[in-house]
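Quick notes on the structure that follows.
The values are calculated or read from the model by the stated rules, or taken from the named source; none is laboratory data. Please read these numbers as outputs of a predicted model, since none were measured by experiment. Glycine also receives a Cβ, built like all others from the backbone with ideal geometry; neighbour counts cover every protein chain displayed.
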Amino acid sequence: MDGRQWLDLHGNFTTLIHGHAFPPIVEAVERQLRDGTCFANPTLAEIALAELLCERVCGLDRLRFVNTGTEAVMFAVKAARAFTGRPAIAKIEGAYHGSYDWVEISQTSDATNWGSAEEPNSIPYYAGTPASVANDVVTLRLNDAQSAARLIEKHAGRLAAVLLDPMPSRAGLIPVEPAFVEAVVTAARRHGVLVISDEVMNFRLGYTGAAARAGLAPDLWTFGKIIGGGFPIGAIGGRAAVMSVFGGEGVAAAVSQGGTFSANPVSMVAGLASMQALTVDAFEKLEAHGDTLRTRFESGVAQHKLPLSITGSASLLRVHGRAKPPRDYRDTVAGDRSIVARMVEHFSREGLLVPSSGMICLSTALSATDIERVATVFEAFASAEALRGEKA
Ligand code: PMP
């Protein structure tokens, strides 16, 4: 409206891994619009996209498409319930998984209600949430291996699944630590509790996905965002035995799963074009750009002794208003949001679009010159902050 131009480091909530109007996606979609935009039956592009994902992700035998990440997580939870015959789930405090009631629990709990560190309360997300919903969610603290394992053991008889995002963004964009993964998975396996890796956002962490990067071998996966090339998408996948709850050749469905626009060919061809362009080299370039920015940001922080820290990996990073990097959601919430808000404002004045959380999302459309520009803008912000501190 006002004629300003922006360098987009938001990427529509991390969706646009190739930036806007990526030519191969535009061409694929234009072609598909002429061939038809929705069919009741499967299409070739749907099969091709499913095959590509199953080839890349170790352990992913079967896949079903939906239209959003929310739906993917909802069906993964339903699949786990149907497979185990149990109602409850465990999830990480502060983690975002979309808008299904159970996965919203403790998404925004705070110091007034989150309870003890060893056994966090399960706090409803909105007024009027049925008490039964919160009762069927066990809240775990990110990277607290001992407490998480103990809580899984304690509630195992009613737990269908542990829902894990390998680097939950709202909890702080903090990677799950190997000891935490090990403890959670061991406790879950011992009691037949399934493990779901929610990679709706973090599938962009590497060619083989986020679980592989974290050393996690889940039973179920959820995907979204980058696999749709900028069009609505979600997918639920997993081991063949678990996915058989959705039915198949000669097997009746224990959970009915469908949707009018699921696997619509526009999202499928866009997603296929997006994923085909995401070669090993493309991921390496994204990772190198992310590493450059994290290093430059960290040295700017150190040079000016600012109370800031950086989290994230590969093409994502987040700036926190605290000197020590957060290890979990409670640390993240304790950070000073005002300094992050000033950074976002500074970026905005310089034409860099970032969300208010201070997360930066890279795309293959960014050149080394763009990366240099982002680093320079951050360095200017760091020295302005240092001056501000001296004046105060
Ligand atoms: N899970 C995770 C980890 C997400 O980041 C998101 C979206 N930000 C969702 C689920 C929900 O996806 P959607 O917005 O497509 O419903």
Looking at segment 286-301, is at least one residue assigned to a strand (DSSP E or B) and buried (at least 17 other Cβ atoms within 10 Å of the Cβ)?
-> no
Among the residues of segment 240-247, is there at least one that is closer than 26 Å to P178 by Cβ, of a type in the set (F, W, Y) and more than 16 Å from the ligand (Cβ to nearest atom)?
-> no
Return only the number of the condition from (1) surrounded by fewer than 24 Cβ atoms within 10 Å (Cβ to Cβ); (2) modelled with pLDDT of 95 or more; (3) over 13 Å from the mean Cα position of the chain (by Cα); (4) part of a loop (DSSP other than H, G, I, E, B) that A263 does not satisfy.
-> (1)
Run down G300, G229 and say which single residue is in contact (Cβ under 8 Å) with a residue 12 or more places away in the chain, out of contact with any Lys or Arg (no Cβ under 6 Å at 6 or more places or on another chain) and away from the ligand (no atom under 15 Å from the Cβ).
-> G300
Only one of these is outside any strand (DSSP E or B), in contact (Cβ under 8 Å) with a residue 40 or more places away in the chain and of a type in the set (D, E): E118, E71. Name it.
-> E71
Among the candidates G215, G192, G206, G228, which residue alone is buried (at least 24 other Cβ atoms within 10 Å of the Cβ) and either within 13 Å of the chain's Cα centre (by Cα) or modelled with pLDDT of 95 or more (or both)?
-> G228
Is segment 24-38 home to any residue that is more than 16 Å from the ligand (Cβ to nearest atom), aliphatic (A, V, I, L, M) and assigned to a loop (DSSP other than H, G, I, E, B)?
-> no
Report yes if some residue within segment 338-350 is touching a Pro at 6+ places or on another chain (Cβ under 7 Å) and assigned to a loop (DSSP other than H, G, I, E, B); otherwise report no.
-> no
Are any residues in segment 74-95 among the β-branched types (V, I, T) and part of a helix (DSSP H, G or I), and if so, which ones?
-> V77, T84
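For every residue, the table says whether it meets (1) within 16 Å of the ligand (Cβ to nearest atom); (2) surrounded by fewer than 24 Cβ atoms within 10 Å (Cβ to Cβ); (3) of a type in the set (D, E).
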residue: D61; (1), (2), (3): no, yes, yes
residue: R81; (1), (2), (3): no, yes, no
residue: S106; (1), (2), (3): yes, no, no
residue: A111; (1), (2), (3): no, yes, no
residue: P130; (1), (2), (3): no, yes, no
residue: D136; (1), (2), (3): no, yes, yes
Checklist (1) farther than 24 Å from V26 by Cα; (2) part of a helix (DSSP H, G or I) applied to S274, failing item = (1)
Identify, from the list V176, V181, the residue that is in contact (Cβ under 8 Å) with a residue 24 or more places away in the chain, within 18 Å of I92 (Cβ to Cβ) and outside any loop (DSSP other than H, G, I, E, B).
-> V181
Any pair with Cβ under 7 angstrom, 6 or more apart, that starts in segment 192-204 at a residue that is over 19 Å from V242 (Cα atoms) and assigned by TED's automatic domain parsing to the domain that holds Y96 and ends at one that is within 10 Å of the ligand (Cβ to nearest atom) and of a type in the set (S, T, Y) | V200/T222; M201/T14; M201/S169; R204/T14
Does segment 175-188 contain at least one residue that is within 16 Å of the ligand (Cβ to nearest atom), at pLDDT 95 or above and not aliphatic (A, V, I, L, M)?
-> yes
Considering only segment 145-174, how many residues are surrounded by fewer than 22 Cβ atoms within 10 Å (Cβ to Cβ) and away from the ligand (no atom under 16 Å from the Cβ)?
-> 11
Checked segment 6-29 for anything within 16 Å of V374 (Cβ to Cβ) and of a type in the set (D, E, K, R); matches are D8
Can you name every residue in segment 321-364 that is among the charged types (D, E, K, R), under 30 Å from A179 (Cβ atoms) and free of Cβ contacts under 8 Å to residues at least 24 places away in the same chain?
-> R322, K324, R337
